[in-house]
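The values are calculated or read from the model by the stated rules, or taken from the named source; none is laboratory data. Bear in mind that the values here come from a model prediction, so they are computed numbers and not experimental data. Positions of Cβ are backbone-derived with ideal geometry, glycine not excepted, and every protein chain shown enters the neighbour counts.
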C-alpha cells in the first residue's frame, strides 16, 4: 500500500485554506493509505495528472478543490508519495513545471531545484553575463510561496572570496575548490552556477531556486566556515547511517530527508502534522530531538540548547512523557519554567501529549511557586514580595546611605544572593565581587553588607520574602530533608533563572541518572541573570547537546534578527564562556522583514493598522496575528487604534488567555508577554530610541559598568525574542529615531 510523506513547504500554505478545503485535503490524503497504487493514480475524484513531456516525470498534480491543487512527487519505484506543495489551481502547474527533484549523491537526501530559473541563468552566463534574479520569469520563487511571488531581498554582505588582483571583489566561492564542493555534495550544475556569484546577498536571493541541502552548504561556506567544519556540521548529520542512497532510489531518499519531510502513518498524524495543536514541526520529533527526548539514560544532568524554533520546548515535553512513562512507584516529575504564562502553555501542551493518568504524576509550576509551596509547609504565613527594590529604597533613605538604591539592590541580587553568601566574611572574600566594576574598600563592604542584612531582616520580620530569599529558604529546607519531592526534573526556558532558583531546583530532585533535563538559549535571556552550572553543583560536561535546525522561523526573519545580536557575544547556557561555534539552519523560507519608520506615534499606529488589514486580506486568520509593544501604555494604544479602525483586536494577557482561544481577534501584547509563543505574522511596534533601551531599567555605567552592559544586553535580547516569534511575516515599526538595536 502507498505511504504519504509531507514536505515542510506545505505548512504555510495549509494555513491559507478554508475549513472545507482543509477537510477535503484530509479526505484526499486518507486515500493514500486506503487504495493500492493503481487505483490511487486512476481515481476519478483525485484527477492525478503528470506534467507535460520534457518536465520532471515524477511530479504529479491532483485536485483538492475547485480552487486548490496539490503537487506531489510520485516515485517510479517504491510506494512513498511526497506531498510537495499546495497551490491555487491557476498557478500550480506552472510552478510544478519549473521544478526538478534529485537525490543528493553525497547526503542521500531528496532535493528540489527551480530548473527553469537555473537553466536561464546558465544561458545568461553563456552569453557573458552573470546570473541575476532581475527578470520576471527568471527570478527564483520562494519555495513556500505560489508562483509569481517576489523573491527575498538580498542581504548585503561582504563576499567570502576576498578581492581579486585588481582590487575588485572576487567571486564568492573562489576560495573553495571543485573537489571540495563535490565532497560537500554540491553537484556539477550548482558548482558551475555558484562560481559566478559575487556576494552572499546574491546567494540568498537565489535560495528558492537552489537545492535545499546544497544551499545550506554554500551558505555556510559564504559565511566563512571552513570546508572541514561544513563537512562536519552540515553534511555529516545528513549522511545515511547505513550505506549510500542510490541516485534513482527516490523512495529511500524521501524517508531519509528527515529535516524537511515527515512520513505520516494515520489520519490523526496527518491532521496533526498539517494543523495540529502544536503545529506540525512542534509535535514531530526529528531524529536528534527524538534521541534526546527518549534516551533511556543520562548519567546526570543533561542540557539541550539552541536558537529560536529549534524545538527545545517540544523536546522537553517529550522528555517529560518518557520520564512519566518510566517512573518508579511513588515517583514524580517536575516540569518548570520562569513565568506563569509559560507554565500555562506547558500545561496545555502536555495535556495534549500524554494521557490524564500520566499528567497526574507531573507537577507543572513556576520555580517561584515551587519555592513558595516548600516554604509554606514550614512557615504557612509567608508570602512572596514583589516590591523588593522599594524596601531597599526606604532603608537607604532612612539611614542616609551614600549608595544609590540600584547599587544596593544589584549587590543583593547579583553578589549576595547569586553566590549564596551567608556571612560578612563571605562578602569580604576577595573573589566575592568578581565581575563587579565598582571597587569597594573593606569598610565600604562592611557598610553595604549591614545595609543588605538589615533590609533582609525587615522583610523576614514582615513574613513577605523576595523571590531570592524565598528560594534560599526553600533550598535550606529541601537540603535538610532525607527524601526529595521529585524523581526527575525538566526545566524549560532555563536561561532566565537566577542562581538562587537553581539551588532550589537542585535540592528538589535526587541526584542520579536522569535527574535534571535542562532546555534554554542565552540569546533569549531577557533578565540579567548569569549562571554557572558548575558552581551550582549541576555538572553537564559531556551531556550538552546543541540543536541547530530551526523548524519555525523563515531564514529571512532569523537572519535579520541575528543582526540584533551582532557584535555581542552569546555565552553558553549555564556557562560564562562564549557559545560553541556552529550555524543554525532554517527549514522554511519566505519574505524578508518589513521595516517602517513614521514621523510620530499616530502615524506609526496607522501603519500598523494598515499592515494588519493587509495580512487579514491575504487570508491570515486574526488569531494568527500578534502585535507587540514595549510598554503597557503603548499596548493599550495599539489595541484601541486597531479597534477604532474596525479591526478585530484584543489585549492578550498570556497569564489569562491561551493562544488556542478561538476568539477570532488579533492579539496585542507586550514584548515580554509574547515570550515563548509564536504566530504566523508579528508586528513589533514602538521600537524607538527612547523605548529600547529603556534607560530607567538600565544600571548606570558609573555604578557598575559590567551590570550596565548586562542590562543593555537583556533589552537587546527582548527585541530579539519579540522578532523571532514570527513564523512567516515580520513587520517592525518606530516613530522618530529608531532603536540603536535595530540591524543597520
Residues in the stretch 43-74 that are part of a strand (DSSP E or B) and without any contact (Cβ under 8 Å) to a residue 12 or more places away in the chain total 1
Which one of the conditions (1) surrounded by fewer than 18 Cβ atoms within 10 Å (Cβ to Cβ); (2) modelled with pLDDT of 95 or more does residue 618 fail to meet, given that it meets all the rest?
(2)
Take the residues in the stretch 242-273 that are at pLDDT below 70 and out of contact with any strand residue (DSSP E or B) (no Cβ under 7 Å at 6 or more places or on another chain); name whichever of them is nearest to residue 219 (Cα to Cα).
242
Filter result for the condition that a residue is buried (at least 18 other Cβ atoms within 10 Å of the Cβ) and in a loop (DSSP other than H, G, I, E, B), over 86, 17, 25, 40:
17
Between 222, 236, which is outside the structural domain of residue 30 (by TED's automatic domain parsing), at pLDDT below 90 and buried (at least 23 other Cβ atoms within 10 Å of the Cβ)?
222
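Which residues, counting only those in the stretch 572-582, are within 22 Å of residue 741 (Cα to Cα) and either assigned to a loop (DSSP other than H, G, I, E, B) or touching a residue at least 12 places away in the same chain (Cβ under 8 Å) (or both)?
From the stretch 572-582, those within 22 Å of residue 741 (Cα to Cα) are 572, 578-579; that's our starting set.
Correct list: 572, 579.
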For residue 185: the one exception among (1) surrounded by fewer than 24 Cβ atoms within 10 Å (Cβ to Cβ); (2) in the same structural domain as residue 124 (by TED's automatic domain parsing); (3) assigned to a loop (DSSP other than H, G, I, E, B):
(1)
Among the residues of the stretch 359-385 satisfying the criterion of being touching a residue at least 60 places away in the same chain (Cβ under 8 Å), over 29 Å from the mean Cα position of the chain (by Cα) and not in a helix (DSSP H, G or I), which is surrounded by the fewest Cβ atoms within 10 Å (Cβ to Cβ)?
381
Considering every residue within the stretch 295-315, establish whether at least one is modelled with pLDDT of 90 or more, assigned to a helix (DSSP H, G or I), touching a helix residue (DSSP H, G or I) at 6+ places or on another chain (Cβ under 7 Å) and surrounded by fewer than 24 Cβ atoms within 10 Å (Cβ to Cβ).
no
Considering 413, 397, which residue is touching a residue at least 24 places away in the same chain (Cβ under 8 Å) and either outside any loop (DSSP other than H, G, I, E, B) or in the same structural domain as residue 696 (by TED's automatic domain parsing) (or both)?
413
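In the stretch 539-571, how many are part of a loop (DSSP other than H, G, I, E, B) and more than 16 Å from the chain's Cα centre (by Cα)?
Of the residues in the stretch 539-571, 9 are part of a loop (DSSP other than H, G, I, E, B) and more than 16 Å from the chain's Cα centre (by Cα).
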Considering 587, 608, 612, 627, which residue is touching a helix residue (DSSP H, G or I) at 6+ places or on another chain (Cβ under 6 Å) and touching a residue at least 12 places away in the same chain (Cβ under 8 Å)?
627
So for the stretch 685-701 (the condition being outside any loop (DSSP other than H, G, I, E, B), closer than 28 Å to residue 567 by Cα and touching a helix residue (DSSP H, G or I) at 6+ places or on another chain (Cβ under 6 Å)), does at least one residue qualify?
no
